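The values are calculated or read from the model by the stated rules, or taken from the named source; none is laboratory data. Quantities reported herein were computed from a predicted structural model and do not represent experimental measurements. Cβ placement follows ideal geometry from the backbone for every residue including glycine, while neighbour counts extend to all protein chains displayed.
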Amino acid sequence: MKICTSITDLRQSILDIRVKMQKPTIGFVPTMGFLHEGHASLIKRARSLDDVVIVSIFVNPLQFGPNEDYNRYPREIEQDEKLCEGLGVDLIFAPTALEMYGADGCETSIHVAYLGDHLCGASRPGHFDGVCTVVAKLFQIVTPDRAYFGKKDAQQWRIVRRMVKDLSMPVEIVPCEIVREEDGLAKSSRNVYLSPEERQEAVHLRKTLLLIQDAAIKGQRDVKQLKSLALAYLADHPLVALDYLELVDGDTLQPCAAIRGEAPTLCAIAAYVGKTRLIDNIELELRA
Ligand code: PAF
């Protein structure tokens, strides 16, 4: 496994691989490091579908707001390298911010319109512009055939898929299932911020989603009713401070007033547990 920190070195290494192998497919897993089993599942999926697997490790300053956790975001590059090596990754790209954006920063960026304004975008203005700008730049550098994203970031992978379509990028976006802890909490690099007490409470994000799922299976289709069920449940768990709970069309992310069987419905939640903002979601099943 080779580790590249410069764009030039990575481009050259990819060129060498393309010359050596017969038209290899390149699978790309973009990450911000501090890798866990969720990332491992993306890498495994890439390993099973593609000839070459490239992982980027880059904590992207553009996608953090001024009061967010950019500086304290967990970084553990040696551990990440070991995990990648064990999973058969071919190349790691781990640039610095200076390498990615230069000393004079980034003049050009990608703006996401409606899709980026609500759900997580409402409380994190500019977040998805930052995500799309770095992902587009990484796609330019890595030139992958497929790129793998976790479904935990339900809005992110849909926005990236839309960017790829809008800008005619020749990349297939592969969304991968959420990996969970035994009690149901979605794996996330940010779980490390939780105190033991907060960790126990964090499971209520998932439990809220399951409550809604259960009510939908029992026939409740009205979004207002489903939301009030969830709010009543969360009222008993004051350590979980809701940012949003929304039921939206699973493709367009447009809010819906009622669940209709013909279109998939996504139920997405974001909440602060202590100071840590966590997200989760479920694609609602309407039958048991
Ligand atoms: O999901 C993430 O870890 C990041 O948003 C991504 C896609 C690597 C872009 O920085």
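One table, with the values for the structure above:
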{"read-out": "Qualifying residues in region 192-209 (those that are of a type in the set (Ser, Thr, Tyr) and within 21 Å of Glu76 (Cα to Cα)) - the one farthest from the chain's Cα centre (by Cα)", "value": "Ser195"}
{"read-out": "Criterion (outside any loop (DSSP other than H, G, I, E, B), more than 15 Å from the ligand (Cβ to nearest atom) and out of contact with any Phe, Trp or Tyr (no Cβ under 9 Å at 6 or more places or on another chain)) met by exactly one of Ile14, Ile92", "value": "Ile14"}
{"read-out": "Selected residue (criterion: farthest from the ligand (Cβ to nearest atom)) from residues of region 35-61 that are among the aliphatic types (A, V, I, L, M), within 15 Å of the chain's Cα centre (by Cα) and surrounded by fewer than 21 Cβ atoms within 10 Å (Cβ to Cβ)", "value": "Ala40"}
{"read-out": "Of all residues in region 257-281 being part of a loop (DSSP other than H, G, I, E, B) and in contact (Cβ under 8 Å) with a residue 60 or more places away in the chain, the one that is surrounded by the most Cβ atoms within 10 Å (Cβ to Cβ)", "value": "Gly274"}
{"read-out": "Which listed residue is aliphatic (A, V, I, L, M), on the phi > 0 side of the Ramachandran plot and touching a helix residue (DSSP H, G or I) at 6+ places or on another chain (Cβ under 7 Å), from Leu115, Leu119", "value": "Leu119"}
{"read-out": "Yes/no for Glu172 being under 13 Å from the mean Cα position of the chain (by Cα) and more than 13 Å from the ligand (Cβ to nearest atom)", "value": "no"}
{"read-out": "So Val192, is it surrounded by fewer than 18 Cβ atoms within 10 Å (Cβ to Cβ) and either farther than 30 Å from Ile110 by Cα or within 16 Å of the ligand (Cβ to nearest atom) (or both)", "value": "yes"}
{"read-out": "Subset of region 102-152 [touching a residue at least 24 places away in the same chain (Cβ under 8 Å), assigned to a helix (DSSP H, G or I) and closer than 27 Å to Ile3 by Cα]", "value": "Gly130, Val131, Cys132, Thr133, Val134, Val135, Ala136, Lys137, Leu138, Phe139, Ile141, Val142"}
{"read-out": "Residues within region 17-34 that are in contact (Cβ under 8 Å) with a residue 12 or more places away in the chain, more than 16 Å from the ligand (Cβ to nearest atom) and assigned to a loop (DSSP other than H, G, I, E, B), tallied", "value": "3"}
{"read-out": "Identity of the residue in region 108-121, of a type in the set (A, V, I, L, M, F, W, C) and modelled with pLDDT of 95 or more, that ends up farthest from the chain's Cα centre (by Cα)", "value": "Ile110"}
{"read-out": "Any chance Ser168 is more than 28 Å from Arg260 (Cα to Cα) and crowded, with 20+ Cβ neighbours inside 10 Å", "value": "no"}
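Condition check ((1) at pLDDT below 95; (2) closer than 21 Å to His39 by Cα) across all residues:
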residue	(1), (2)
Ser188	no, yes
Leu211	no, no
Arg221	yes, no
Gln225	no, no
